[in-house]
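Report on the following structure.
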Amino acid sequence: MTVEAIDRAAGYATCNMLGAAGGALVGTAVWTAKAGAVALVPLGLGALSYMAQNALCGPIDLGPTPEPVPDNIDGCAEMKPGGYGQVQYSVDDNWAAVPAPSPSQRDTAIKLGPTGIGQDPSTGKWSASIEWESLNGGGAGSTGAIFETKGEAEGVNWRLFPINGECANGGGGDIPANPTVPDVTYVDEQTNCTFNVKFDGFYAETESTIPGTVWTITEAIEGKATSTVVGGCAVNNIRIYKPSNGGPNIPIDPPGGGGGGGGGGGGGNDPDFPPDWLKPLQDILFGAAGILLADLINSIGEYREEADWTLNYPCEVDEEGNPKVKKYTTEGFGFVKELMLRTNLLAEMVNDQFNGKTPICGPDAPPKPEGDTRRISFRSESTSPYGKSRLRKRFRYRSLSGFGLGQVVDHWADFTWTAGSVCVTHKGYSWGTPQVWAATADEGKRVIQHAAREAGFDAFKVGEWGISSSNSPRYGVSAEMKVDTTGGYYWITERDGSNGRPIVAK
């Protein structure tokens, strides 16, 4: 038996669980035990997505996730099929049935609906209300209580008190137990060992830390293939904690130590009766020898917010004649992945700075911008492959042609072009520095030359071209573009109006 084989078995089981249960895991119990205090928190969708990204098992479809329960529902929010309950409200933890026009509806409720508060204009007092679905059909609103202030009305909590059957979904302090996760049989290709892997539960260092998983691993005696690996495959109910950040596994029970017989408690959700693995894991993480390890795991697993930087190009200007800048933004991940993203952005930033002009700009100042500002908005004819929205591009330049809005519209109305990952610019002339992301350099030059004809000159005879590209998917989407006519308007402007607002064509 090797540590690596055990790690692969736990990794395989993690992927299997995420692929099988998916979004059904959202909202289920995560155990925490910081400095001796035992608590339960619900598993969030963001934490589940992070676990899937770091499982290293390929794309995983998390599927549908449970509908989140509002914070002001403290208890049962929906009954299992066939069950029903009574709608109740509480003020200062004193629960009472809501008054209702039809008690048969109130007492046969199967699902709570939207809640709200309202103010009586004649008295100025506030009331709290709720909607629900009844087993007998229809729903009803209820004024649960009358209050002097809005804050008091907002403090009302709601629940379904089961009369018949069981609760299916709860809120407030009612955190569902872990769903049933089938045991997994894993055959390790490198050692030829076969293991049975049982899911015991989720554990997190703090409420803000991405949770890891606890597994019990046993050698599968029956049907085991002969192994020639030194040390064999003998595993007697070893239990491990597998951090979600890719750190080393932490054995909770030593090999051959019994491990509690695959023991359980992984599905329980009562803080007064925590699972039998929780205290041993806590002793390891927060004992004298484990504090540094716990702090390390905690810091690695913590979520890092997105970060951004700005690179200034003092010797280059945009289409408005202002110094050019470029922003770099990460997406926000756990420490390790966020560090990798920031390192990659640093390399990209250095490369961009080398490609730009240095601060020693030379004696020639850029031409002073002249002419009326044109803004042409384009919209793709099909939706983006990365979402349900159309791709939008805005192209700006200055013109000395003197054309009115109708002539500018005529020039652009039927023009189409193909967007892509090649950035084409034209600079060194009084119309600014027009820029377009096109499928090819020639396609980008065609767009800019079309603008230059309206502006009154030939872009191939004055100024200079700039060509660059990007590997970022934000700029690399290819699509056929045409003038945006959303709302029945041509989104083309010829100049700024007297109050600074653009004049749009119709």
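The values are calculated or read from the model by the stated rules, or taken from the named source; none is laboratory data. Keep in mind it's a predicted model, so treat the numbers as computed, not measured. FYI the Cβ positions are ideal-geometry reconstructions off the backbone, even for glycines, and counts take in every protein chain you see. SASA here: full protein model, heavy atoms, side chains in, ligands and nucleic acids out. Shrake-Rupley method; radii C 1.70, N 1.55, O 1.52, S 1.80 Å.
Of all residues in the range 180-193, those being among the polar types (S, T, N, Q), surrounded by fewer than 19 Cβ atoms within 10 Å (Cβ to Cβ) and assigned to a loop (DSSP other than H, G, I, E, B) number 3.
Answer with yes or no whether V184 is over 25 Å from G83 (Cα atoms) and modelled with pLDDT under 70. Criteria not met by V184. Within the range 429-469, the only residue that satisfies the criterion of being within 17 Å of G402 (Cβ to Cβ) and open to solvent by 70 Å² or more (accessible area, probe 1.4 Å) is R453. Considering the conditions (1) at pLDDT 80 or above; (2) open to solvent by less than 20 Å² (accessible area, probe 1.4 Å); (3) assigned to a strand (DSSP E or B); (4) over 29 Å from A39 (Cβ atoms), N196 is excluded by exactly one of them, (2). Screening W431, W417 for residues that are in contact (Cβ under 8 Å) with a residue 40 or more places away in the chain, under 12 Å from I376 (Cβ atoms) and in contact with a Lys or Arg (Cβ under 8 Å, 6 or more places away or on another chain) leaves exactly one candidate, W417. In the range 135-165, the residue that is surrounded by the fewest Cβ atoms within 10 Å (Cβ to Cβ) out of those that are under 14 Å from V98 (Cα atoms), of a type outside the set (F, W, Y) and at pLDDT 85 or above is V156. Just so you know, in the range 391-414 the residues that are out of contact with any helix residue (DSSP H, G or I) (no Cβ under 6 Å at 6 or more places or on another chain) and of a type in the set (F, W, Y) include one that is nearest to D442 (Cα to Cα), and it is F395. Figure legend. Inter-residue proximity from the range 387-399: first residues closer than 16 Å to D372 by Cα and in contact (Cβ under 8 Å) with a residue 60 or more places away in the chain, second residues open to solvent by less than 40 Å² (accessible area, probe 1.4 Å) and of a type in the set (F, W, Y), beta-carbon distance below 6 Å, spacing 6+ or different chains. Indicated pairs: Y397/W431; R398/W431. So, A47, is that one at pLDDT 70 or above, aliphatic (A, V, I, L, M), in a strand (DSSP E or B) and buried (at least 20 other Cβ atoms within 10 Å of the Cβ) or not? So A47 does not fit the description; no. Could you please find all residues in the range 104-143 being over 16 Å from A77 (Cβ atoms), in contact (Cβ under 8 Å) with a residue 40 or more places away in the chain and not polar (S, T, N, Q)? The answer is D107, A140.
Pairs linking a residue in the range 444-469 that is on the phi < 0 side of the Ramachandran plot to a residue that is of a type in the set (G, A, S) and in a strand (DSSP E or B), with Cβ atoms under 7 Å and 6 or more positions apart or on different chains, are G444/A438; V447/A438; E454/S399; A455/S399; S469/S421. Comparison of R379, R374, R398, R394 shows that the only residue that is at pLDDT 75 or above, within 42 Å of the chain's Cα centre (by Cα) and open to solvent by 100 Å² or more (accessible area, probe 1.4 Å) is R394.
Listed by position, the strands (runs of 3 or more DSSP E) inside the range 374-483 whose residues that are under 22 Å from E494 (Cα atoms) and of a type in the set (G, A, S) number at least 1 are 390-399. Residues in the range 70-92 that are open to solvent by less than 40 Å² (accessible area, probe 1.4 Å) and aliphatic (A, V, I, L, M) were compared, and the one that is modelled with the lowest pLDDT is I73.
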